[in-house]
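As structure tokens, the structure follows; a few thoughts come after it.
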Ligand SMILES: Cc1cc2nc3c(=O)[nH]c(=O)nc-3n(C[C@H](O)[C@H](O)[C@H](O)COP(=O)(O)OP(=O)(O)OC[C@H]3O[C@@H](n4cnc5c(N)ncnc54)[C@H](O)[C@@H]3O)c2cc1C
């Protein structure tokens, strides 16, 4: 009784005059801040972001913005409410003192907290050769500034664009280039676009979409070097099969790296795979002990999911960032009995070559796939992924209105292959085939989902702080 | 017991306020009795069935109509025209809906509905002016004088029906809408005949128009349906006919009720009416809340199961008839706080008023815009409006529910905004 009372008192105190610091002023950071205020947090709220901009939305950057249908500066995230925060924009967090509960900033300032939320996301994996990466005309696409630069380069009518990596972002960029009438070559190490995320069966459909739209798609090859001209402009890309592709613009789209370096040496369990946390978004320290005052959310987080065998999932998904931020914010202001697990069913969307692609669940866990509605040849279908006799994921091409049904199938561990008939079932949808994901030891551009490990309760954990 | 409840819902005596019956119905999320349909009344169950690919809209999948008190509505479009996409499953549904959508909405025609705004404004103001010049303001029937003629004129404009033919169109629309009214006192043989005649006449008329538009296409939807040549190819003449008939019927009867239910609700909530008068932008959340609180389509009686399924613990066999009571789901306290309260400030108002899934209301953007403009103009221009009968007399139909007349009085008609 007294303990509970004391706890409540502490919580009330935190809500009234506590200090909450959020590092990473983007989607997850902003949404968490809004939720905290909604829940009556009246203390001081500090948002630290290394970008100079107010929080903005990234998905349009590789879609509407590259098409010239939206201006990058107009992607600022809508505010759900006023959050009355102390904004520290354009300055990175550079260190964390867990004992003193202090965040160090790049400008030498220090900010104290009672609760810390880390939402530093990921950044584009750069072209490994720094000299080549710095050539004029070589881009990555993660930030608003990246998008402004790339969009400008595309407006200058380049003779050819080379996209390295055919994951979601790379494919969207290729699609935008074609819609603008630009010649584009896509080089992908895997056997097809999107294989890492959706497997070879769907990858083949994606490959046909590229070809139909006259993308020069090269699969099973790597770009080995970028060549510049004497003025420092990129001129060509060299491929592992000996080919050379001349291009004025090269977009490096090789997946992402987690922004965790600033936590090195802090004692927090943060590494190249992100920051491990429990299902309630509380971060683990390097000893595998959960902290009670440090929370994580969004692309940088890695959390166990009961529905998927307690595997630790890191998801680079918009919806995940929103849902996880909400849960983290709720839990930061709750006593332990009131905390909620982050039980979001992974969901992702993309739009390319005029087709709306959506997935739910964790496709890369699937070993088999079955087309349940529609037809891949028409680019309009629904497919489910099977794993050990149950439905583990689903994907739709221009068919997303059915997706809630499949999501429920995943949530209720429905059997695979699905035993029932559906509207729009075609002959090819009557039997499962191997989903054909690449051997995980052979890297593609890096899938959007990485899975590793099992329940912290039944596994010994070894921690490797860096590579 | 449940069947008795169903009968009560269909009973005209309960038309004015079916909501207590829905509340009773929700105690059993899926109710079934004897040969009757499986009636689904709770929000989450309805919504998931609207997205369930094991559920068909194609009447051919219905095993036996059984004791279906609304059985006649199952073939409301008659045998003379092929089923519209409303009564088809993918891939046929998708193809026809896609072709129809090309001239109507994004991505190919993102501005169609928006660009009708000025015209809609003109129609609304003209009709309200007409109320002013019609003589007595002591008794105005908002249905006959406003809520009914407005959507018919809109659909004529949209389809490209020549102005001089509009009066004939009104008569056809009237007769066909009445066919949705099971009238226990009428002579069924007589009704059926006049219905078939009307359909024939309308069909012939549309066929003539389509033929003419094939030769001389304009910017209207009929022209574009007649000459569609997108990636999905062209519609056959019969498909174009059934589609335009669908647009005509679905495109106005629902909107009439939305506007009428809307005005009735506003007159019952004078505080909200006053707020709307001062702020036309409030019409947006008001219309959303109306679609939840008094949806024009109360239930979807046309679905069937393609295989045995289980819903809320009830096994429903293959070929069974399903009724999805949208209006009941919209008042499910498990989904909406204070569901029986009309609250335009409601957040997270994901109602079922326009359905959900692949059959979700095709005309939603137009219906919304029509209702928003109509209600804000009525609020602004009617001086001191008063309800003369509460409840007003309702139409017979339990599916497309709304007042047949809405008698009001007012002190004057205020001038339209400059
Ligand atoms: C081009 C593009 C297209 C996308 N399209 C889709 C899509 O179609 N569908 C979908 O589901 N998802 C999509 N995503 C992914 C989605 O945008 C992300 O999941 C989402 O932005 C994650 O939000 P976040 O807040 O966790 O991380 P981020 O948005 O990455 O934000 C992290 C922020 O923290 C800042 N930061 C990093 N380190 C520090 C530091 N030390 N100190 C201070 N600040 C720091 C970063 O600069 C950044 O501003 C797309 C992403 C990109 C880049």
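The values are calculated or read from the model by the stated rules, or taken from the named source; none is laboratory data. Note that this is a predicted model, so its numbers are computed, not measured. All Cβ positions, even for glycine, are placed from backbone atoms using ideal geometry, and neighbour counts span all protein chains on display.
Numerical summary
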read-out	value
Only listed residue being at negative phi, touching a strand residue (DSSP E or B) at 6+ places or on another chain (Cβ under 9 Å) and within 12 Å of chain B (Cβ to nearest Cβ), chosen from A:382, A:347, A:325, A:329	A:382
Selected residue [at pLDDT below 95 and within 30 Å of residue A:156 (Cα to Cα)] from A:90, A:68	A:68
Failed item, numbered, when residue A:426 is tested on (1) buried (at least 17 other Cβ atoms within 10 Å of the Cβ); (2) at pLDDT below 95	(1)
Qualifying positions in segment A:118-137 - touching a helix residue (DSSP H, G or I) at 6+ places or on another chain (Cβ under 7 Å), within 23 Å of residue A:316 (Cβ to Cβ) and more than 10 Å from the ligand (Cβ to nearest atom)	A:126, A:127
Residues located in segment A:87-108, provided they are under 27 Å from the mean Cα position of the chain (by Cα) and under 19 Å from residue A:17 (Cα atoms)	A:87, A:103
Residue that is farthest from the ligand (Cβ to nearest atom), among those in segment A:37-54 that are under 19 Å from residue A:301 (Cα atoms) and either touching a strand residue (DSSP E or B) at 6+ places or on another chain (Cβ under 7 Å) or within 14 Å of chain B (Cβ to nearest Cβ) (or both)	A:47
Residue within segment A:52-68 that is over 30 Å from residue A:166 (Cα atoms) and touching a residue at least 40 places away in the same chain (Cβ under 8 Å) present	no
Those residues of segment A:105-117 which are more than 10 Å from the ligand (Cβ to nearest atom) and either closer than 23 Å to residue A:284 by Cα or within 14 Å of chain B (Cβ to nearest Cβ) (or both), in sequence order	A:110, A:111, A:112, A:113, A:114, A:115, A:116, A:117
Residue tally, condition surrounded by 15 or more Cβ atoms within 10 Å (Cβ to Cβ) and more than 12 Å from residue A:54 (Cα to Cα), over segment A:67-83	4
Residues within segment B:313-333 that are touching a helix residue (DSSP H, G or I) at 6+ places or on another chain (Cβ under 9 Å), away from chain A (no Cβ under 13 Å) and more than 12 Å from residue B:26 (Cα to Cα), tallied	3
Complete set of residues in segment A:122-168 that are crowded, with 24+ Cβ neighbours inside 10 Å and closer than 25 Å to residue A:271 by Cα	A:165, A:167, A:168
Of all residues in segment B:334-359 being free of Cβ contacts under 8 Å to residues at least 60 places away in the same chain and over 20 Å from residue B:23 (Cα atoms), the one that is farthest from the other protein chains (Cβ to nearest Cβ)	B:348
Residue that is within 15 Å of the ligand (Cβ to nearest atom), within 14 Å of chain B (Cβ to nearest Cβ) and either in contact with a helix residue (DSSP H, G or I) (Cβ under 8 Å, 6 or more places away or on another chain) or within 28 Å of residue A:263 (Cβ to Cβ) (or both), where the choices are A:61, A:67, A:30	A:67
Considering residues of segment A:316-340 that are buried (at least 19 other Cβ atoms within 10 Å of the Cβ) and part of a loop (DSSP other than H, G, I, E, B) only, the residue farthest from the ligand (Cβ to nearest atom)	A:333
Residues located in segment A:254-272, provided they are more than 9 Å from the ligand (Cβ to nearest atom) and part of a loop (DSSP other than H, G, I, E, B)	A:254, A:255, A:264, A:265, A:266, A:267, A:269, A:272
Out of A:313, A:343, sole residue that is more than 16 Å from the ligand (Cβ to nearest atom) and either within 30 Å of residue A:13 (Cβ to Cβ) or surrounded by 22 or more Cβ atoms within 10 Å (Cβ to Cβ) (or both)	A:343
Condition check for residue A:413: assigned to a loop (DSSP other than H, G, I, E, B), in contact with a strand residue (DSSP E or B) (Cβ under 7 Å, 6 or more places away or on another chain) and surrounded by fewer than 21 Cβ atoms within 10 Å (Cβ to Cβ)	yes
Count of segment A:385-404 residues which are part of a helix (DSSP H, G or I) and either buried (at least 22 other Cβ atoms within 10 Å of the Cβ) or touching a strand residue (DSSP E or B) at 6+ places or on another chain (Cβ under 6 Å) (or both)	3
Identity of the residue in segment A:273-299, out of contact with any helix residue (DSSP H, G or I) (no Cβ under 9 Å at 6 or more places or on another chain) and under 22 Å from residue A:92 (Cα atoms), that ends up farthest from the ligand (Cβ to nearest atom)	A:285
Residues of segment A:84-100 that turn out to be within 19 Å of residue A:260 (Cβ to Cβ), surrounded by 15 or more Cβ atoms within 10 Å (Cβ to Cβ) and more than 11 Å from the ligand (Cβ to nearest atom), as a count	1
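Conditions (1) away from chain A (no Cβ under 14 Å); (2) at pLDDT below 95; (3) not in a loop (DSSP other than H, G, I, E, B), marked per residue:
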{"position": "B:7", "(1), (2), (3)": "yes, yes, yes"}
{"position": "B:20", "(1), (2), (3)": "yes, no, yes"}
{"position": "B:27", "(1), (2), (3)": "yes, no, no"}
{"position": "B:35", "(1), (2), (3)": "yes, yes, no"}
{"position": "B:45", "(1), (2), (3)": "no, no, yes"}
{"position": "B:63", "(1), (2), (3)": "yes, yes, no"}
{"position": "B:66", "(1), (2), (3)": "yes, yes, no"}
{"position": "B:74", "(1), (2), (3)": "yes, yes, yes"}
{"position": "B:77", "(1), (2), (3)": "yes, yes, no"}
